[in-house]
1. Can you put 269, 36 in order, fewest other beta carbons within 10 Å first?
2. Gaussian network model of the chain, Cα springs within a sub-10 Å range: biggest mean-square fluctuation belongs to which of 284, 110, 56?
3. Let me know the shape class of segment 222-274, please: from the alpha-carbon gyration tensor, a ≥ b ≥ c as square roots of the eigenvalues, rounded when a/c is under 1.5, otherwise prolate if a/b is greater than b/c, or oblate.
4. If I build a Gaussian network model for the chain, linking alpha-carbon pairs within less than 10 angstrom, which residue out of 254, 107, 277 has the largest mean-square fluctuation?
5. Only Cα pairs within less than 10 Å get springs; with that Gaussian network setup on the chain, which residue of 49, 19, 280 has the largest fluctuation?
6. Would you mind checking 198/236; 4/153; 103/198; 153/209 for any pair whose Cα atoms are more than 19 angstrom apart?
7. Using Cβ counts within 10 Å as a stand-in for footprinting exposure, how do 229, 263 rank, fewest first?
8. So if I take the centroid of the Cα atoms in segment 133-147 and the same for segment 1-69, what is the distance between those two points in Å?
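Since every read-out is calculated from the coordinates, none of them should be taken as a lab result. As the structure is a computational prediction, the values presented were derived from the model and not from experiment. Cβ sites come from the backbone with ideal geometry, for glycine too, and all protein chains shown count toward neighbours.
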Amino acid sequence: MNQKILVVGSSNTDMVIKAAKFALPGETILGGEFFMNPGGKGANQAIAASRLGGDVTFVGKVGSDIFGRQALQQLTKENIETRFVIVDHEYPSGVALINVDSKGQNCIVVAPGANGQLQPADIDHVLSEVPQENLVLVQLEIPIDTVTHLIRKTAELGNRLILNPAPAQNLPNELFASIYTITPNETEIELLTGIRVKDIGSAKAAGSKLLDLGVQQVIITLGSQGAYLHTSSISKLIAAPEVTAVDTTAAGDCFNGALAVALAEDMGMESAVHFACRAAAISVTRMGAQQSIPYRKELQQR
Ligand code: ATP
C-alpha cells in the first residue's frame, strides 16, 4: 500500500502583466496581455504529486475571497483532498503580482496574505485528524514557526518528511536531525551550508555538512545537470534527461512532488531521484507552472 502524502504549504494566485518595460517609481504605463494562474509552491507541489499518482491531502490557508475559492476548486479538480484547507476570514488569499518585460525578465511582488497565518495550532489539529501513516512534504512559503513545529511533530510520529527549503532562508541547526530528506537548489544549499556548489566535490562537501547535522538524505537540484544525491551510503549525480527547455518555472515544484510520490511508493532512493528528474525534465519542455506538470502516464510512455 502506498503511503498517503500530506503537502503543507502555500497557495497563491499569480497575476501577470506583460509590458514593453517595467514602470519606474511614480510612473504609470500601459501594459499588454494580462493573465491569472494558480500558483504557490505548496499548491504546485501538491498538484505534481497528485498528477504523478500520489494520494494527496493539501494543508494550507486561503482567504474568504474569489481567489481562495478558485484555488480550492483547482485543487479539488486535481483529485486533492482539501478538507484541511482553512479559510481565513481576516486575511486575503495570497497573490503574486508579476510584471514581465519585452526581454522576458520578470519582477515579482508576493503578498502572502492568508498563507502567512497558518499557525502551529493548525498543524496540531490536522495531525490529530489525518491517518498516522503519511509522508509529509513542506516548503518555506508559510511561517517558519509553523514549518519548525510540523518538522518536529512529524519526526515524533515517526513519519518521513521532505523539506524543500525554498525560498532560501536560514533554519535552526537543531531542526536538521528531524528531517528525512532535504531538497535545496544551488542557492539554497549555499545559504544553508556556506558552501558554493560548483562541482561534485563541493556538492559532496555541502551534502556532508547537512548529514552531519542529522538530515538523512540530501538531494541538491542542479537545473539541467540533474540532482546530486548524498546519503550515508550513496553519493552520486543523477543526470537529468537531455531535453529542449522552454520554461523552467516550477521545475523544482515538479521535482519535489514527484520525489514525494516515489518515496510514498517505497522506490529506492536512487530510483526516486531518477523518477523526479524524469518528471521535472518533461515540465521544462512546456510553458507555465501548474500547466507544465506531467501526468504519470506520460512518464510511463518514455
Ligand atoms: P525553479 O525555481 O525553476 O522551479 P529550482 O531552482 O527550484 O527550479 P532546479 O535545480 O533549477 O530547481 O530544477 C529542479 C530540477 O528540474 C532539476 O534537478 C532537474 O531535474 C530539472 N531540470 C531543471 N532544468 C532542467 C533542464 N534544462 N533540463 C532537464 N531537467 C531540468
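1. Arranged by neighbour count, lowest to highest, 269, 36 become 36, 269.
2. Between 284, 110, 56, it is 110 that shows the largest mean-square fluctuation.
3. The shape class here is oblate.
4. 107
5. Checking each option, the largest mean-square fluctuation is seen for 19.
6. 103/198; 153/209
7. Details: 229 22, 263 25.
With the sparsest Cβ surroundings first, the list reads 229, 263.
8. 17 Å
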